[in-house]
Every structure is written in C-alpha cells, then in structure tokens.
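Undergrad: The following block contains the structure, expressed as structure tokens.
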Amino acid sequence: MKRILIIEDQAAIRRMLELNLKIAGYETVSIEDGPAALEYLNGSPRCDLALVDVMLPGVDGFALLPHLNEKHIPVIFLTARGDLEARLQGLTGGAEDYIVKPFDMPELLVRMDKVLARRRSAETLVFEAVRLDPAARIAWRGDEMLTLTPMEFDLLALFLRNPNLALAREHLLNEVWGIRYEGGTRTVDVHVAQLRRKTGLNLVSVPKIGYRLEANP
C-alpha cells in the first residue's frame, strides 16, 4: 500500500485528505506544521509521495522541499498561493506538481497517480540476479550487462513489474508491441525464449494464457 505524507496546518483539509485517500486505498501520515515535518524527515521516513501546503507555521513548504527531495519523496504542493512567482518557485525547486486551493479530490487523485506512475517507471527493477534500469535502458545479470533488443528490454521490464502474475500473450503483445501490431502472438513466445536464455529467469508457460515470472526452484 502506498503511503502518502500530508503536511497541512488546516485541520479540516487534513481530515478531508486522510478520509479520501484512505477510501482510494492509500495509507497516510499527517503532520500539521513545518518543524514537526523536519523532525519526521530527519528520521527514516517511508513515504511514496508528499502533499505539502506552502504556508505552514514555523517552516514553510518551500523550505521543506530540499529535505523532501533529499529523501527522494516526490512533492505535490497544495496551496492557496496561486501567483506565478510561487508556482515557479515550487516547480523549479523540484516539486512534481502545484495545485491551487480549492481543488477537486478526483483531479488530485489523477495527478497523484501520474506522479506515482512516473516514479515507478524510473525505479530500478530487481528480481533474483537480474536488475533493470528503465531510465538508462540498461539491464544486468549479476555483474554482466545484458545485450537486449528494445522489445526484449520492454518485455523484461513488464515481467519484472508483475512477478508471480500470469500475463496473457495478448496483453504482452499490446503492452510491448502496441495494439496496432499485426503479427501473431508467436513473436511473444520467441522473445520469451530469448529472455530465458539471456537472463536465466524462470519464465513459466501458463497453458492457454501466457507466461508468469516465478522464482527459480
């Protein structure tokens, strides 16, 4: 479950965020002022995203931003300050997004999903001895850098993001080759066989469905 850090001094907004995020399937940690946020960040916070007010007591949101960046916690500012100077300060300082109050909760959830998806797509993926860096498009098996075609790389990334799940051939085809690809699913079988050989991963055939990445026996 993704954990969202809420740094907001207005109790009503804080409670509204907590309630709606819980309904949406998130876990929350709430802090009501800047000094308490600094104390929390000086520890070992485990948060996937922070929703931060700018005008906080003690230490404002802009001053907290470098500390959040240092902990690799993406930030969405939620603030009544809608002037261009404030927006630019937040976004150039490293915030992922800047939303002016009042805001609609459905829009916030969509923006949160996009930020989390961007971060997820950039994270190094690891399964047993295989590591994959999506941003650099490099993969390793132990200390050996793998030589993969673009399609093999994308297919491997898809398996690493979905371990122990049965993935249909049609789903693999659509995700990697695109819905306009006119070739048959046989190309998936060929590429999976190549990945088995190159990575040593246990890509198990699921009869009449597709493949599943499992731990080696």
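The values are calculated or read from the model by the stated rules, or taken from the named source; none is laboratory data. These numbers were taken from a predicted model, which means no experiment stands behind them. Neighbour counts are summed over all protein chains in view; Cβ atoms, including those assigned to glycine, are modelled from backbone coordinates with ideal geometry. Ligands, DNA and RNA are excluded from the accessible area calculation, which covers all protein heavy atoms including side chains. Shrake-Rupley method; radii C 1.70, N 1.55, O 1.52, S 1.80 Å.
Undergrad: I'd like to check something: does the range 41-49 contain any residue that is among the hydroxyl-bearing types (Ser, Thr, Tyr) and under 28 Å from Asp104 (Cβ atoms)?
TA: Let us first name the residues in the range 41-49 that are among the hydroxyl-bearing types (Ser, Thr, Tyr), namely 44.
Add one more test, that the residue is under 28 Å from Asp104 (Cβ atoms), and what stays is none.
The answer is no; no qualifying residue exists.
Undergrad: Output the residues belonging to the range 21-59 that are under 20 Å from the mean Cα position of the chain (by Cα) and more than 15 Å from Ile73 (Cβ to Cβ).
TA: Result: Leu21, Lys22, Ile23, Ala24, Gly25.
Undergrad: Further, regarding this structure: Output the residues belonging to the range 59-73 that are open to solvent by less than 30 Å² (accessible area, probe 1.4 Å) and assigned to a helix (DSSP H, G or I).
TA: Gly61, Phe62, Leu64, Leu65, Leu68, listed by residue number.
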